[in-house]
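Since the structure comes first, as structure tokens, the remarks are kept for the end.
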Amino acid sequence: MSGSRGNSGAKSFRPTGDITMTRNFKYPHLLPPDVPVWEWFLYQHGHLYRRFEYDVRVGPGQNPGPEIEPRLRQSAFDLSRRRIDAVGYRPGEIHVIEITKRAGLKAIGQVTAYPILYRLTFDAPAVVKSVLVCEELLVGAVEVLAELPVEVFVSGPLSEAIADASATNSTNND
């Protein structure tokens, strides 16, 4: 493998042919464009957490069926389980964190479903909260998130739009 590490912990390599891929060594489950978004969050808010776990598998998984070789069955089963980008541990709270550069309805679905799967998988004794970290919110996401119990951190110019939408929602619910 050739390449060099940058601040994101990513390393470029050429597996075969002309396709250049980037492999993320610091945060294995994150896509390379998501790494700076996560590092922004860590810089701004990481001190509030005791620790983080990455690529946390939750949910029941899918039986791969008898056609899969016995030596590959467990790997196939594990790969079928959902994976949480990061789980942050604070005193008395567990934060299930979805990290993406551009957050839309897919990210909102993940950030609302994964805490439920986390509680079912680990029988969590602490409060489990949903956290979305992104750089940009896609059309409709602000309005949907304003109605959900999801803590949102936006590293781009929409930070104020989220704060305004959340304030409006909390005023309407009083």
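The values are calculated or read from the model by the stated rules, or taken from the named source; none is laboratory data. Quantities reported herein were computed from a predicted structural model and do not represent experimental measurements. Cβ placement follows ideal geometry from the backbone for every residue including glycine, while neighbour counts extend to all protein chains displayed.
Tabulated data for the structure shown
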item: Residue list for region 40-70, filter: under 22 Å from residue 117 (Cβ atoms) and among the hydroxyl-bearing types (Ser, Thr, Tyr); result: 49, 54
item: Check on residue 129, in contact with a strand residue (DSSP E or B) (Cβ under 8 Å, 6 or more places away or on another chain) and among the basic types (Lys, Arg); result: yes
item: Residue within region 47-67 that is modelled with pLDDT under 80, among the aromatic types (Phe, Trp, Tyr) and in contact with a strand residue (DSSP E or B) (Cβ under 9 Å, 6 or more places away or on another chain) present; result: no
item: Checklist (1) modelled with pLDDT under 95; (2) within 19 Å of residue 128 (Cα to Cα); (3) not polar (S, T, N, Q) applied to residue 88, failing item; result: (1)
item: Hey, residue 129 under 18 Å from residue 150 (Cα atoms) and without any contact (Cβ under 8 Å) to a residue 24 or more places away in the chain or not; result: no
item: Region 53-93, subset more than 22 Å from residue 111 (Cβ to Cβ) and of a type in the set (A, V, I, L, M, F, W, C), residue surrounded by the fewest Cβ atoms within 10 Å (Cβ to Cβ); result: 72
item: Any chance residue 62 is touching a helix residue (DSSP H, G or I) at 6+ places or on another chain (Cβ under 7 Å), more than 21 Å from residue 33 (Cβ to Cβ) and either of a type in the set (Val, Ile, Thr) or free of Cβ contacts under 8 Å to residues at least 24 places away in the same chain (or both); result: yes
item: Helices (runs of 4 or more DSSP H) completely within region 70-155 that count 3 or more residues being within 20 Å of residue 59 (Cβ to Cβ), over 18 Å from the mean Cα position of the chain (by Cα) and not hydrophobic (A, V, I, L, M, F, W, C); result: 70-80
item: In region 39-52, the residues that are touching a residue at least 24 places away in the same chain (Cβ under 8 Å) and surrounded by fewer than 12 Cβ atoms within 10 Å (Cβ to Cβ); result: 48, 50, 51
item: Single residue of region 117-139 satisfying the filter (more than 21 Å from residue 49 (Cα to Cα) and of a type in the set (A, V, I, L, M, F, W, C)) that is surrounded by the fewest Cβ atoms within 10 Å (Cβ to Cβ); result: 139
item: In region 17-38, residue farthest from residue 102 (Cα to Cα) [restricted to those that are modelled with pLDDT of 85 or more and of a type in the set (Val, Ile, Thr)]; result: 35
item: Any hit, region 23-34, residues being in contact (Cβ under 8 Å) with a residue 24 or more places away in the chain, surrounded by 16 or more Cβ atoms within 10 Å (Cβ to Cβ), in contact with a Leu (Cβ under 8 Å, 6 or more places away or on another chain) and outside any helix (DSSP H, G or I); result: no
